[in-house]
1. Keeping to segment 172-190, report how many residues are surrounded by fewer than 18 Cβ atoms within 10 Å (Cβ to Cβ) and modelled with pLDDT of 75 or more.
2. Which one of 150, 114, 96 is assigned by TED's automatic domain parsing to the domain that holds residue 68, more than 30 Å from residue 205 (Cβ to Cβ) and under 15 Å from the mean Cα position of the chain (by Cα)?
3. Would you tally the residues in segment 138-155 being within 10 Å of residue 125 (Cβ to Cβ) and out of contact with any helix residue (DSSP H, G or I) (no Cβ under 8 Å at 6 or more places or on another chain)?
4. Do you know which residues across segment 160-171 are surrounded by fewer than 16 Cβ atoms within 10 Å (Cβ to Cβ) and more than 18 Å from residue 110 (Cβ to Cβ)?
5. Can you tell me which residue among 77, 142, 132, 126 is in the same structural domain as residue 55 (by TED's automatic domain parsing) and crowded, with 18+ Cβ neighbours inside 10 Å?
6. Give all pairs with beta carbons closer than 7 Å in which a residue from segment 169-193 that is in a loop (DSSP other than H, G, I, E, B) meets a residue that is at pLDDT below 80 and exposed (fewer than 14 other Cβ atoms within 10 Å of the Cβ); count only pairs at least 6 apart in sequence or on separate chains.
7. Suppose we keep only residues that are at pLDDT 85 or above and under 18 Å from residue 103 (Cα atoms) within segment 145-159. Which one would you say is surrounded by the most Cβ atoms within 10 Å (Cβ to Cβ)?
């Protein structure tokens, strides 16, 4: 059967890829937990600015199974709501950290798209209050209209972007695997077929990177 020789050729590269991906997932989870614990300690010491930054990093170390990700998002919502009236600058910092942290976790879909939408609707009046508190003399109504327009954008990831991310990643991975298995001669020099697979891998990486960046 053709499948058996193909599996025998690809099993070691696939195993290596799984080990690398597993190590990356483990590190992201560990960093998430550590950032959250630092944030809780800083908030307990009333170092709110530093705590907000650490909560942001907790969100940025996104994994679907992350144990502290939701807790960090809830903490930033709590800080923003409690500071909105007395300290709009702190509320703005918390909302900005929440939004940027959530968007940093975007991949095939947007985690907690509902919360991103809530931030987009909540942040304009807070920005106006922060501007007024900092001495901005512009008309608050004009500022509110401007900020509302700035944050009135679609939330989530389009199906086209998701498809591009998947196809780009698969082409990147398969290209690298095929170079390792069939793209080198006995002297470890790249063959004509290897150059074709290299073009597939590079094209896949470019497509994946652009989709992640522009999507």
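The values are calculated or read from the model by the stated rules, or taken from the named source; none is laboratory data. These figures come from a predicted structure and were not determined experimentally. Note: ideal-geometry Cβ built from the backbone for every residue, glycine included; neighbour counts use all protein chains shown.
1. Within segment 172-190, the subset surrounded by fewer than 18 Cβ atoms within 10 Å (Cβ to Cβ) is 174, 180-182, 184-190.
If we keep only those that are modelled with pLDDT of 75 or more as well, we get 174, 180-182, 184-185, 189-190.
So the answer is 8.
2. Working: 150 fails: under 15 Å from the mean Cα position of the chain (by Cα); 114 fails: under 15 Å from the mean Cα position of the chain (by Cα).
96 is the lone residue from the list that is assigned by TED's automatic domain parsing to the domain that holds residue 68, more than 30 Å from residue 205 (Cβ to Cβ) and under 15 Å from the mean Cα position of the chain (by Cα).
3. We begin by selecting, within segment 138-155, every residue within 10 Å of residue 125 (Cβ to Cβ); these are 140, 143-144, 147-148.
Applying the additional criterion that residues be out of contact with any helix residue (DSSP H, G or I) (no Cβ under 8 Å at 6 or more places or on another chain) yields none.
Counting residues in segment 138-155 that are within 10 Å of residue 125 (Cβ to Cβ) and out of contact with any helix residue (DSSP H, G or I) (no Cβ under 8 Å at 6 or more places or on another chain) gives 0.
4. Result: 167, 170.
5. On the way: 77 fails: crowded, with 18+ Cβ neighbours inside 10 Å; 142 fails: crowded, with 18+ Cβ neighbours inside 10 Å; 132 fails: crowded, with 18+ Cβ neighbours inside 10 Å.
Going through 77, 142, 132, 126 in turn, the sole match is 126.
6. Cβ pairs passing all conditions: 191/185.
7. Here is the first cut: in segment 145-159, the ones at pLDDT 85 or above are 145-152.
Restricting the remaining residues to those that are under 18 Å from residue 103 (Cα atoms) gives 150-152.
Values: 150: 12, 151: 15, 152: 10.
So, considering only residues that are at pLDDT 85 or above and under 18 Å from residue 103 (Cα atoms), the one surrounded by the most Cβ atoms within 10 Å (Cβ to Cβ) is 151.
Residue by residue, here is whether (1) assigned by TED's automatic domain parsing to the domain that holds residue 119; (2) modelled with pLDDT of 95 or more; (3) surrounded by 14 or more Cβ atoms within 10 Å (Cβ to Cβ) holds:
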position	(1), (2), (3)
20	yes, no, no
26	yes, no, no
32	yes, yes, yes
35	yes, yes, yes
39	yes, yes, yes
71	yes, yes, yes
84	yes, no, yes
